[in-house]
Amino acid sequence: MNGMSNLSLSLRAESDAEVLESGIVESKAKSEISEIVKNVFERRLLNASVFANKEIISQHYIPEKLPFREKQIDEISSDLSPSIKGTKPNNIFLYGKTGTGKTATVKHVLEQLTEFVSKQSLPVFSAYINCRNHPSKYKVLLKVAKSFYPSKDFLGYSVSFIYEKILDFCEANSAHLILVLDEIDKVKDLDELVYSLTRGNDELGKGSITLIGISNNLMFKEKLDPRTKSSLCEKELVFSPYNANELKEILVERCEKAFKPKAVSDSSISLVAALAAQESGDARTAVMLMQRAGEIADSEKAVLVVEQHVEKAKASVEEEIILSMVSTLPGQQQLVLYSISAMTIQHKGSRRITGEIEEGTLFSGEIFETYCEMAKHLGRRTITSRWYRQYINELEMYGLILITASGKGIRGQTRLIKLGFDAERIKSALEKELFK
Ligand SMILES: Nc1ncnc2c1ncn2[C@@H]1O[C@H](COP(=O)(O)OP(=O)(O)OP(=O)(O)O)[C@@H](O)[C@H]1O
Ligand SMILES: [Mg+2]
């Protein structure tokens, strides 16, 4: 028997001893209940679980307290405070890697703002739009209009009509609108959207429109039209990744409410924090890992979440994260990544002049060639080499690939590229997207 199973057995035994007394009574009661409750789902609900309130450890839950984001909460609320004094706040652009708490922080500030202005009956209104689900100017404006006229349906109306309705709302209520455009990089015609909404302020006699743009694409700002950039980024705020200690504190806070007392071992929390910090300091990965580890513990009928459950959770969470990341990439970028994974599987390691092959490492140039061949084969247009380099930089930023400069023995300045995840997994995730 290996060390891990020993550890898990002893942990199970120790915890079992703690619950033994109440356990006997409980199991008697349970068998009586299951006699009465015949429905399988009802019975499932009655089953013991390590969770006290699973919702709290779900990635969609916004906790009341957001440790290590006090500075950002302070800055955003201070930036928005002109609205409660009746003047227009500056537009704000928030960026930072995935899982650094951007959405949670902004939603938290909006909740506080809404609570305050409704108590004081101030004409400040906010709308949160996730542009991943509303990726065009029309769709964003439609969603904004719907949130201020909840009983009206604007579907089918022209973009200018909807836009005018939003301005009417401002005029009629002397309203200051705070529009949060989360994942703003997903809007196809963003320049037009930002232009219209900022120009709206010049047309308004009363009230105002303020934008809060959020993105995890660190290169997105550089790609913006200079006019859009200067409108949107009047104020900027960066969210940096969490380190392992910070992630641990975040997890402890959430686990306290999400799990039953003494249902999570300290070492499992440390392991989750270390794994998530290693990946990219992403609190979402940490929360997802912890939730999945709890589910695995439940499925094994364990009373304590231990490191082994975290290890098992890692593989399944990784898969989920890859799938969700890959599915939001533009089609051409998916094809570039597909070429990398297909080439990695074919063991096309790059050959140094010395003849040595570095496993899984590819030349940037040969990937571009393979990509062009594949695109032609599939009857799709191809991107220019400049766009290709941009896509490669973004893939690195998402952690999907690693880039190194050519090492000793390779002529000229070329980049070596290696996949950040298992090639088979990425390839099969992409196949679902590209060939659906
Ligand atoms: N400081 C924190 N304290 C507690 N939980 C946090 C904290 N920061 C992030 N989280 C949690 O981590 C998860 C991801 O956070 P969030 O959705 O805000 O990330 P994000 O920066 O918007 O990521 P993305 O760029 O991928 O949208 C959520 O479950 C959130 O509640
Ligand atoms: Mg977000």
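Observations on the structure shown:
- Approximating the spin labels as points 7 Å out from Cα along Cα→Cβ, the ASP266-to-SER174 distance works out to 5.8 nm.
- Efficiency of FRET between ASN243 and SER121 - r from beta-carbon atoms, R0 35 angstrom, step 0.05: 0.25
- Per-q log10 I(q)/I(0), the stretch 70-239, q = 0.13, 0.17 Å⁻¹ (Debye; single scatterer per alpha-carbon; no solvent): -0.59, -1.05
- Amide hydrogen neighbours beyond the local backbone of THR361, cut-off 5 Å, H modeled: SER350
- Taken one residue at a time, the phi angles of the stretch 202-218 give Karplus couplings (6.51, -1.76, 1.60, θ = phi - 60°) of 6, 7, 7, x, 10, x, 6, 10, 10, 10, 10, x, 10, 8, 9, 8, 5 Hz. Gly and Pro are set to x.
- Alpha carbon centroid spacing (whole Å) that separates the stretch 276-323 from the stretch 124-157: 35 Å
- Pair LEU378, LYS257: separation of 7 Å Cα→Cβ label points (nm): 4.3 nm
- Förster-model FRET efficiency, 45 Å R0, SER158 and LYS65, C-beta, rounded to 0.05: 0.50
- Segments 397-403, 92-98 sorted - mean Cβ within 10 Å per residue, highest first: 92-98, 397-403
- Cβ-derived FRET efficiency at R0 30 Å, LYS188 paired with LYS432, nearest 0.05: 0.85
- Inter-label distance, nm, simple model (7 Å from Cα along the C-beta direction), SER77/THR114: 1.7 nm
- Derived scalar couplings between HN and Hα for the stretch 119-128 equal 5, 8, 6, 9, x, 10, 10, 10, 9, 9 Hz in order, rounded to whole Hz, by the Karplus curve 6.51 cos²θ - 1.76 cosθ + 1.60 (θ = phi - 60°), x for Gly and Pro.
- Of LYS186/LYS418; LYS229/LYS432; LYS97/LYS257; LYS152/LYS257, those spanning more than 31 Å from alpha-carbon to alpha-carbon: LYS229/LYS432; LYS152/LYS257
None of the figures in this text is laboratory data; all of them are computed from the coordinates on show. Since the structure is predicted, the reported quantities are computational estimates derived from the model, not experimental observations. When we count neighbours, we look across all protein chains shown, and the Cβ atoms used for this are built from the backbone with ideal geometry, even at glycine.
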